[in-house]
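Report on one structure; see the data block that follows.
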Amino acid sequence: AQEITLGRDFMTLSQHVLSQCGTFSPESYDLSALMGRIGLAGKTIARHLSRAGLMENVLGFTGEVNVQGEAVKNMDRYANRVFLRAFEQSGLVCRLASEEMEKPYYIPENCPIGRYTLLYDPIDGSSNIDVNLAIGSIFSIRQQEGNDESGEALDLLQSGRKQIGAGYILYGTSTMLVYSLGIGVHAFTLDPSIGEFILSQENIHIPAQGCTYSVNEGNFWQWEPPMREYVKYIHRQEGYSARYSGALVADIHRILFQGGVFLYPGTVGHPDGKLRLLYESAPLAFLVEQAGGRATTGTQEILDVIPKKLHSRTPLIIGSSENVKLVESFLHQKT
Ligand code: AHM
Ligand code: MG
């Protein structure tokens with residue numbers, strides 16, 4: 001009889017973190033537990049989404065406006081709370097900072113044992129929620145520096161190089177979690193039958209060049225002329241495909257595996273674009289750099305940008321190194 005191999009199902013997320021961190025030190029156990037809680041938040045959100053159309057108050061708006069000035073959706077609020085609950089009494093993080101909260105959320109009972117801060121965007125691609133399309137969650141892990149007694153979280157106003165780890169959860173046709181702790185990029189797929197994220201691809205390398213470009217061309221006339229020239233150039237080339245889903249996580253997931261470039265440039269009204277540095281651009285830049293790609297504002301590497309405030313925004317050009325270089329060649333052209 002054919003022997004059944006058991007190996008694959010046992011490389012769970014927590015186990016993978018332990019194997020990555022090498023030694024079985026207290027730190028690797030903490031990071032493993034931390035990633036496990038992020039995975040739990042992801043599973044909880046995925047479960048809620050899978051029945052969204054059948055339940056009251058899952059879809060639609062809450063009627064509130066968040067710190068970004070955007071209308072809050074029920075799912076934004078729910079997912080934000082899921083992350084908070086996942087980390088209460090975990091002893092792992094003292095603070096959580098999210099796109100949906102004006103100030104970080106402190107968990108005094110975890111201090112001073114938990115020395116990490118989790119930064120996150122609970123739902124990325126909120127406009128896709130009500131139409132059952134792919135959305136994501138983005139996360140970033142930083143070591144807390146100092147005691148933050150003033151509660152101003154000034155230590156978070158440092159560059160993305162301070163991240164210990166980062167990643168995203170993609171709620172797509174299957175739920176996937178992609179992460180890096182600075183030792184490569186690894187993808188996990190949720191097996192709902194056992195409720196575990198199981199390793200599906202290790203050490204992902206983004207192709208150096210790809211034929212996807214991903215940008216909201218509805219903003220074409222709001223961009224600076226060099227950005228328009230770049231897109232006009234792309235239109236004249238053969239072989240490029242436009243792919244823009246409305247969720248950064250989904251678009252970057254495609255590019256991570258198949259190559260290409262995602263752009264959210266500044267516009268006349270919003271010179272820094274839309275995406276938030278700490279919760280969106282920096283974590284994804286960390287991940288894409290780990291996979292061998294690049295991320296820039298057009299003038300500075302994303303990971304070098306120091307935010308002025310927690311909710312600072314930056315333009316974002318991210319993806320395969322050759323594609324990013326081509327965009328830069330247009331932006332740096334003397335007119
Ligand atoms: P959100 O976190 O509020 O959903 O905003 C981020 C999203 C990205 O996922 C996506 O790429 C972008 O906003 C879409 O914005 P636009 O509709 O302006 O193209
Ligand atoms: Mg977002």
Subject >> Near pairs, Cβ below 6 angstrom, 6+ apart or cross-chain, from the range 206-235 (within 18 Å of Glu322 (Cβ to Cβ)) to any residue that is in a loop (DSSP other than H, G, I, E, B) and among the polar types (S, T, N, Q) >> reply: Ile206/Ser320; Pro207/Ser320; Ala208/Ser320; Gln209/Ser320; Gly210/Ser320
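Search the range 232-257 for residues being more than 13 Å from ligand 1 (Cβ to nearest atom) and in a loop (DSSP other than H, G, I, E, B), and hand back the single one that is surrounded by the most Cβ atoms within 10 Å (Cβ to Cβ). Don't jump to the end; show me each part of the working.
Of all residues in the range 232-257, those more than 13 Å from ligand 1 (Cβ to nearest atom) come to 232-241, 256-257.
Now narrow it down to the ones that are in a loop (DSSP other than H, G, I, E, B): 237-240.
Values: Gln237: 10, Glu238: 5, Gly239: 6, Tyr240: 18.
Residue satisfying both the conditions and the ranking: Tyr240.
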**OP:** Give the residues of the range 97-116 that are modelled with pLDDT under 95, in a strand (DSSP E or B) and in contact with a helix residue (DSSP H, G or I) (Cβ under 8 Å, 6 or more places away or on another chain), sorted by residue number.
**Re:** Tyr105, Tyr116
Original post:
Are there any pairs, at least 6 apart or on different chains, whose C-beta atoms fall under 7 Å, with the first in the range 270-293 and at positive phi and the second within 14 Å of ligand 2 (Cβ to nearest atom) and in a loop (DSSP other than H, G, I, E, B), and if so, which?
Top reply: Gly273/Thr314
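Mind listing whichever residues of the range 187-216 are of a type outside the set (S, T, N, Q) and over 17 Å from Ile255 (Cβ atoms)? Please lay out each step first, then the result.
If we filter the range 187-216 for residues that are of a type outside the set (S, T, N, Q), which is where we start, we get 187-188, 190-192, 194-199, 202, 204-208, 210-211, 213, 215.
Answer for the range 187-216, where residues must be of a type outside the set (S, T, N, Q) and over 17 Å from Ile255 (Cβ atoms): Phe188, Leu190, Asp191, Pro192, Ile194, Gly195, Glu196, Phe197, Ile198, Leu199, Glu202.
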Original post:
Do you know which residues across the range 149-191 are within 26 Å of Ile135 (Cβ to Cβ), in a loop (DSSP other than H, G, I, E, B) and touching a residue at least 60 places away in the same chain (Cβ under 8 Å)?
Top reply: Gly172, Leu181, Gly184, Val185
**OP:** Find all pairs meeting these conditions: Cβ atoms under 6 angstrom apart; at least six residues apart or on different chains; first residue within the range 55-77 and closer than 18 Å to Ala247 by Cα; second residue part of a helix (DSSP H, G or I) and among the hydrophobic types (A, V, I, L, M, F, W, C).
**Re:** Leu59/Ala52; Lys73/Ile129; Met75/Ile129
**OP:** Test Val185 against the criterion of being over 30 Å from His332 (Cα atoms) and either within 16 Å of ligand 1 (Cβ to nearest atom) or within 17 Å of the chain's Cα centre (by Cα) (or both), and give yes or no.
**Re:** yes
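Quick one: which of Gly218, Gly319, Gly260, Gly266 is surrounded by 15 or more Cβ atoms within 10 Å (Cβ to Cβ) and farther than 23 Å from Ile183 by Cα? Write out each step before concluding.
Values: Gly218 fails: surrounded by 15 or more Cβ atoms within 10 Å (Cβ to Cβ); Gly319 fails: farther than 23 Å from Ile183 by Cα; Gly260 fails: farther than 23 Å from Ile183 by Cα.
So the residue among Gly218, Gly319, Gly260, Gly266 that is surrounded by 15 or more Cβ atoms within 10 Å (Cβ to Cβ) and farther than 23 Å from Ile183 by Cα is Gly266.
The values are calculated or read from the model by the stated rules, or taken from the named source; none is laboratory data. Quick caveat, the model's predicted, so the values are computed rather than measured. Backbone-built Cβ (ideal geometry, glycine too); neighbour counts: all protein chains shown.
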